[in-house]
Each structure stands twice: as C-alpha cells, then as structure tokens.
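Taking it in order: structure first as structure tokens, then the write-up.
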Amino acid sequence: MLIILLLFSAAMLSAQVVRLPHPFYPEEFSQKTSFINDVYSWMSIRHVINQDKNPDFGHDWETGVNISFFSSPKITVRGISEETFHFKAAPEGYSDWIFNTQSLVSDLRLMICFNLVPVLVSGGFQHDCRHDVDHAVTRQIIHDSLFLFIRPSDEINIIGDAIFSIDLNTALEGAINLPAVFQDAAPQPDIGHFSLFLRLKGSIKNNPGIAVVLDGTAGLTKREENTRVSGIKPWGFDFTGNAGLALTGAAGEIKFFMGTERLTDTWTDYNETAVQIHYITLELAAGNSSLNL
C-alpha cells in the first residue's frame, strides 16, 4: 500500500498537441546492421466520462504501428503511423457508450534515433491531419513539422531488487511547423511547441509482470492570432495525467488507466475555448521484440 501511495503522489503531465510517439515506446538498436528487424503495434479505446460538459468528446479509438526500417548499434530509422477515430458525445437521451462519429486524425512520422549513451536523441518529420467525417465541422487540421527529442538511454532506477523496482524516465521534445508539404492547407494557429514528458513505473518482476504506471506531459504551444480561429491565446499550456495498471508478457502488454487532459485547442471548431476532459482507457500492445512499459 505504501508503494502504491508513493507512486500516485508523483507529478504527471501531457498534451494533445504532442500526438505520437510518446517517447517511451521501445527503441531497438541491433547488435549488427539489419533491416525491418522489429515491429511494435497497439490499439486503444478511450471513453470520456464527463461528456455532458464536453459534447465534442465521447470516445477515441486509436490504432498504430511502429516499424524499424534500419537498425544498428548506434542508429535506427523508424516509421510510425497512428489513426485515431474520434467520436463526439452521444446525443441527449442516449447511452454515453454510443459511437457518434465525428472525425479521423492521422499521425505519420519518419524519424532517426542516435544512441548517444547515456541519452537517446531522436528527430524527424511529422505529418498530422484531422478530417471531418460527419460533415458537421468544416475546420480541417493539417500540420507538417520537424521535431527533436532527447531522453535517457535507460530507465532511472529509484528502487530496485530481485522482486520489485521503481523506475523513472523523462524526455524533452520540441517541434516547429513547416509550410504544408503534401497538400494545400489553411494556416493553423500553432507555430510550434515544447513539451516535457514524465513516467514513473513500479513493477513486480515476474512473468506475466504487473506494474503501476503514472505518465503524461506538459506542453507549451506558441500560436498566432491572425488566423480564422478565434479564442486562441498567444501561448497555450496543455497537459494530461494518466494513472493505471499494466500486465506484461513475452508478446505484449495490456494497460488500463484513468486520466485527465486539458486542451487549449480542441481542433473541432473555429471558435475555441479550453476544455478539461476526464477519461478511462484500455490499451493493448504487441511486438516481435522485447517490450518496455
């Protein structure tokens, strides 16, 4: 009980403007040069529990894949793709579990990571876009950006023995938007962002493994005011905090967690106000290489 209380007392922060990848996905460096040597995939469903106050948020169903194109002891090149099917709140009088389709959000990244022990430095190109599905919202979001982040090569062990351990990891990410690369797009308010990621993990070392996980980020976003979007401040502070349990085995992991998220731009309208949503999430992940929570 004391360990759980210690874990839940840790600070935790995150932001929607930082889409994918969360920096703590597996980063595989092979002993010799290889191609297409590992694949990591996941799917999750997020259910917003305060839909009555946030009608643009009901569920998010996400699927993603992270593929290694090239790997060596010091360098990897990876491709990441995630599709998020976004559902707004159910119409009044219906169950909160109605899937009321609103939009599709895509996130594509091509990145290179350098193993500069004791840190990993990653950077690359990101394209993300949000497209309306129900024809109720005309605002389409398209971003092309360059990003760079840095994190420790290994977990920072706080408590460790043969049975139980508590590990910490952190990362910094910065990004700047580019002119639209693949298609014409109206200017978006955000210019770039800077984000801090944190994760605290307490795990029992057995198979299957059990862990209590706290994670999230805090994101500071620079925005312009001379766009079609109103209500946007020059600087936006977004954050998310997650707390939950994870079961891990040789082939993958199952996570269930609760969280809260503050968004200063919901990407849903031309007249924006900050929102705070609370949710529960079930996530399944699998890969053909060793997985790290």
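The values are calculated or read from the model by the stated rules, or taken from the named source; none is laboratory data. As the structure is a computational prediction, the values presented were derived from the model and not from experiment. Glycine also receives a Cβ, built like all others from the backbone with ideal geometry; neighbour counts cover every protein chain displayed. Surface areas here come from the heavy atoms of the whole protein model, side chains and all, with no ligands, DNA or RNA. Shrake-Rupley method; radii C 1.70, N 1.55, O 1.52, S 1.80 Å.
Would you pick out the residues in the range 31-54 that are crowded, with 17+ Cβ neighbours inside 10 Å and outside any strand (DSSP E or B)?
Across the range 31-54, the qualifying residues are N37, D38, Q51, N54.
In the range 175-230, what residues are open to solvent by 60 Å² or more (accessible area, probe 1.4 Å), part of a strand (DSSP E or B) and closer than 19 Å to G252 by Cα?
I204, I210
Scan the range 116-138 for residues that are of a type in the set (S, T, N, Q) and in contact with a strand residue (DSSP E or B) (Cβ under 6 Å, 6 or more places away or on another chain) and jot them down.
The answer is S122, Q126.
Identify all residues within the range 84-118 that are assigned to a strand (DSSP E or B) and open to solvent by less than 30 Å² (accessible area, probe 1.4 Å); write none if there are none.
Answer for the range 84-118, where residues must be assigned to a strand (DSSP E or B) and open to solvent by less than 30 Å² (accessible area, probe 1.4 Å): T84, H86, F87, Q102, S103, V105, S106, D107, R109, M111, C113, N115.
Can you say whether L148 is exposed (fewer than 15 other Cβ atoms within 10 Å of the Cβ) and assigned to a strand (DSSP E or B), as far as the supplied structure shows?
So L148 passes the test.
Quick check on G216: is it among the small types (G, A, S) and within 22 Å of the chain's Cα centre (by Cα)?
Yes; evaluated as a whole, the condition is true for this residue.
Report yes if N37 is over 30 Å from G287 (Cβ atoms), in contact (Cβ under 8 Å) with a residue 24 or more places away in the chain and polar (S, T, N, Q), otherwise no.
Spelling it out, it is not the case that N37 is over 30 Å from G287 (Cβ atoms), in contact (Cβ under 8 Å) with a residue 24 or more places away in the chain and polar (S, T, N, Q).
Yes or no, residue by residue, for (1) under 26 Å from E283 (Cβ atoms); (2) over 19 Å from the mean Cα position of the chain (by Cα):
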residue	(1), (2)
E173	yes, no
A180	no, yes
Q183	no, yes
I204	yes, yes
W235	no, yes
T240	yes, no
G244	yes, no
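Please specify each residue of the range 52-83 satisfying the condition of being of a type in the set (G, A, S) and within 30 Å of S34 (Cβ to Cβ).
G64, S68, S71, S72, G79, S81
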